[in-house]
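The values are calculated or read from the model by the stated rules, or taken from the named source; none is laboratory data. Here the structure is a predicted model, which means the values were calculated and not measured. Note: ideal-geometry Cβ built from the backbone for every residue, glycine included; neighbour counts use all protein chains shown.
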Amino acid sequence: MTKERKTVFLVMFGPPGAGKGTQSKMLVERFGLSQISTGDILREAVKQRTCLGQQAKTYMDRGALVPDEIVVGIIEDRLSAQDAGGGYIFDGFPRTVAQADSLSQVLSRMSREIDCVINIHVEDEELRKRLSGRRVCSRCGEEFNLFFKPPREDKFCGKCNGELTQRKDDQEETVKERLEVYKKQTEPLIEYYKTKNKLKTISGVGGIPEVFRKTCQILEDLAKR
Ligand code: AP5
């Protein structure tokens, strides 16, 4: 990031369950960035039963990727509609080489490029545990994790007493598929961004605050450039 630039364009990258969403939300709070999470946008569309949601659901429920042209369209809409503030965090996008190429084209029309890709590395066994343990409050959206942040009562939210649910794609078979899809379609982006000298890999294990210290350090280093 050069001194005259006021915004940073960051990709939060990693396999399902690596902590991309968790870290992105914390960076938004700390640095005033705008988060664009394709997963959150698609889940909201499914919940609202929009045309996009109906299209996306068939892919999401089985752990497959939603087609590139749909997600690239979402990103273009958000970039034109949303105020950048301190910059953007792309959370869970891009996920294929075609998406990464499209992102680069969209940004170049804005005379911008990705400043950094934070690759959060976590082993599969830990990922499976995190995803299978996640529970979400159906009323207020608060997240719990049976292993890492257990709810006080088994099936109810400690905040609003709403019922806790499991994301359909967090069921064991679908998690397996998501991890396979990641390896086949998304992992090649590590090499893609490495050759562009954009990649910073950190370990995503060791507690959320510890990982956050590492992601903050990367942003602070970027700001000094
Ligand atoms: P999306 O919602 O993006 O899901 P994902 O990346 O597969 O998985 P998560 O969001 O669960 O992972 P995360 O890395 O954000 O981890 P989180 O912080 O939540 O996508 C869902 C679906 O939408 C896709 O399968 C696809 O169908 C579609 N889609 C989305 N984007 C797309 C795209 N670009 N192209 C095509 N299709 C797309 O954490 C997970 C759990 O771990 C939580 O319980 C959390 O509390 C816990 N946790 C986090 N960090 C730690 C830590 N350090 N220690 C212990 N626990 C931790």
_I'd like the full set of residues that are polar (S, T, N, Q), outside any helix (DSSP H, G or I) and out of contact with any His (no Cβ under 7 Å at 6 or more places or on another chain), limited to the range 174-217._
Asn197
*Tyr88: surrounded by 14 or more Cβ atoms within 10 Å (Cβ to Cβ), among the hydroxyl-bearing types (Ser, Thr, Tyr) and over 26 Å from Ile208 (Cβ atoms), yes or no?*
no
*Of the residues Arg167, Arg112, Arg128, Arg135, which is under 16 Å from the mean Cα position of the chain (by Cα) and not aromatic (Phe, Trp, Tyr)?*
Arg167
*Among the candidates Ser80, Ser104, Ser37, which residue alone is within 23 Å of Leu199 (Cβ to Cβ), among the small types (Gly, Ala, Ser) and free of Cβ contacts under 8 Å to residues at least 24 places away in the same chain?*
Ser104
*What's the number of the condition Gly86 fails, among (1) within 20 Å of Val28 (Cβ to Cβ); (2) within 17 Å of the chain's Cα centre (by Cα); (3) not hydrophobic (A, V, I, L, M, F, W, C)?*
(2)
*Kindly indicate whether any position in the range 198-217 is surrounded by fewer than 16 Cβ atoms within 10 Å (Cβ to Cβ), farther than 25 Å from Gly32 by Cα and among the basic types (Lys, Arg).*
no
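Looking at Glu172, Glu143, Glu153, which is the one that is modelled with pLDDT under 95, in contact with a strand residue (DSSP E or B) (Cβ under 8 Å, 6 or more places away or on another chain) and of a type outside the set (S, T, N, Q)?
Values: Glu172 fails: in contact with a strand residue (DSSP E or B) (Cβ under 8 Å, 6 or more places away or on another chain); Glu153 fails: in contact with a strand residue (DSSP E or B) (Cβ under 8 Å, 6 or more places away or on another chain).
Glu143 is the lone residue from the list that is modelled with pLDDT under 95, in contact with a strand residue (DSSP E or B) (Cβ under 8 Å, 6 or more places away or on another chain) and of a type outside the set (S, T, N, Q).
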